[in-house]
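Let me begin by presenting the structure, written as structure tokens, before commenting on it.
The values are calculated or read from the model by the stated rules, or taken from the named source; none is laboratory data. Remember, it's a predicted structure, so these values are computed and weren't measured experimentally. Note that we place each Cβ from the backbone using ideal geometry, even for glycine, and neighbour counts take in every protein chain shown. Heads up: the accessible areas ignore ligands, DNA and RNA and are worked out on the full protein's heavy atoms, side chains in. Shrake-Rupley method; radii C 1.70, N 1.55, O 1.52, S 1.80 Å.
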Amino acid sequence: MRDYYIAGNWKMHKTRAEAAELARSLAGQLKDGKHRYLVAPSFTLIETVAAVVKGTNIRLGAQNAASEEQGAHTGEVSVLQLKDLGVETVILGHSERRHTYKEDDALINRKVRLALRHGFEVILCVGELLEEREAGRAEAVCEAQTVKGLEGVAAADLGRVVIAYEPVWAIGTGKTATPEDADAIHAYIRGVIGKLYGPDAAGRIIIQYGGSVKPENAAQLMAKENIDGALVGGAALKTETFVPIAKFS
Ligand code: 13P
């Protein structure tokens, strides 16, 4: 069976002192947690958080990475630099990268392949805008983002890929997809993986849900057949809200 995987995307929040405090508190409260855990702080916080989570059951993630290994790329951070800090996982294709910073599928795919080549686990985010959902295009959008994001990814590397379904209209809005609607898209994405990599790979791939996950809705979402975890934004910023999600029952 698939393990539940609960990840906190801290986005552009916290100072080093605040990040260290949150990481310490999570490490203490999740040490007997039964699922897989990850925190993804801003680049400037990674070294601080790395020192705290080292040797715990919390993996260290980054929220983005450059599409090139090194060179003249002002303002970018490379997978080599992230590896040097102990980062094991990179979140790629987040909707804020796609829509606010105009990252397209081709760029995201280059990042995915580079990160996998360097041994990282990749959380590839997909999800439709409200107008795409209203136009009945949610499945098609998620399929295209999944197929294009994984172009050229070998079956042997798929074990290090996690998909996060994050409907854009549910991110930071307090509106969560119903467990049934989310599960339907997760099942669809699992089918897409099946078409690309076969039924075994489809059965194994972890698909997280993201978008206003809270302590109050985590258990209902996780109860669904195709929902294997969560990518949590706002509620990941406090122990009081992340821990109950991470320890949902
Ligand atoms: P919220 O949980 O704040 O809606 O954010 C979700 C998200 O974008 C996680 O990557």
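Along the positive direction of the dipole of the chain (beta-carbon charges: Lys, Arg +1; Asp, Glu -1; about the Cα centre), which of Pro215, Val39, Val153 reaches farthest?
After comparing all options, I get Val39.
Between Asp104 and His13, take the C-beta separation as r, use R0 = 30 Å, and let me know the FRET efficiency to the nearest 0.05.
Plugging the Cβ-Cβ distance into 1/(1 + (r/R0)^6) gives 0.70.
Label points 7 Å out from Cα along the Cβ direction at Glu131 and Ala223: separation in nm?
Distance between the two pseudo-spin positions: 3.7 nm.
Quickly rank 195-205, 142-152 as a protection proxy: mean count of other C-beta atoms within 10 Å, highest first. Intermediate results must be reported in sequence, preceding the final value.
Numbers: 195-205: 14.7, 142-152: 19.0.
Packing proxy ranking, top to bottom: 142-152, 195-205.
With no solvent and one point per C-alpha, what does the Debye sum give as log10 I(q)/I(0) for the range 109-235 at q = 0.09, 0.16 Å⁻¹?
Result of the Debye calculation: -0.23, -0.75.
With a probe of 1.4 Å, find how much accessible area the chain has per residue, and write the answer as a whole number in Å².
Working: 11240 Å² over 249 residues.
With all protein chains present, the chain gives 45 Å² per residue.
Would you work out what percent of the accessible area of the range 1-70, with all protein chains in place, is carbon or sulfur (probe 1.4 Å)?
Working: 1740 of 3590 Å².
Carbon-and-sulfur percentage of accessible area, whole number: 49.
Please check which bits of the range 200-216 a label hung off Gln29 would reach, taking the label as a point 7 Å along Cα-to-C-beta and the cut-off as backbone N under 20 Å.
211-216
Can you pull the one-decimal nm distance between simple spin-label points at Lys54 and Ala72, each 7 Å off the Cα toward Cβ?
In this crude spin-label approximation the distance works out to 3.7 nm.
Lysine pairs in the range 159-238 with alpha-carbon atoms under 19 Å apart, 8 or more places apart or on different chains: how many are there?
The number of close lysine pairs in the range 159-238 is 4.
With a 1.4 Å probe and all protein chains kept in place, how much accessible area does Leu107 have, in Å² rounded to the nearest 10?
40 Å²
Per the Debye formula with a single identical scatterer at each Cα and no solvent contribution, what log10 I(q)/I(0) holds for the range 1-122 at q = 0.15, 0.16, 0.18, 0.23 Å⁻¹?
-0.69, -0.78, -0.96, -1.39
Dividing the convex hull volume of the Cα atoms of the chain by its residue count, what figure in Å³ per residue is obtained? Let's see the in-between values first.
On the way: hull volume 29.2 nm³, N = 249.
About 117 Å³ per residue, rounded to a whole number.
For the range 2-113, please report how many Lys pairs fall under 26 Å Cα to Cα, leaving out neighbours fewer than 8 apart on the same chain.
For the range 2-113, the number of qualifying lysine pairs is 19.
Any idea what the dipole of the range 1-79 comes to, in debye rounded to 20, about its Cα centre with Lys/Arg Cβ at +1 and Asp/Glu Cβ at -1? Let's see the in-between values first.
Numbers: 10 positive and 8 negative charges, 85 e Å.
The dipole magnitude comes to about 420 debye.
Given charges of +1 on the Cβ of Lys and Arg and -1 on the Cβ of Asp and Glu, with all other atoms neutral, how large is the dipole of the range 56-151 about its Cα centre, in debye to the nearest 20? The partial results should precede the final answer.
On the way: 12 positive and 17 negative charges, 53 e Å.
Its charge dipole is roughly 260 debye.
Hey, got the dipole for the chain? About the Cα centre, +1 on K and R Cβ, -1 on D and E Cβ, debye to the nearest 20? List each step's numbers first, then the result.
Values: 30 positive and 32 negative charges, 125 e Å.
Around 600 debye, computed over the chain.
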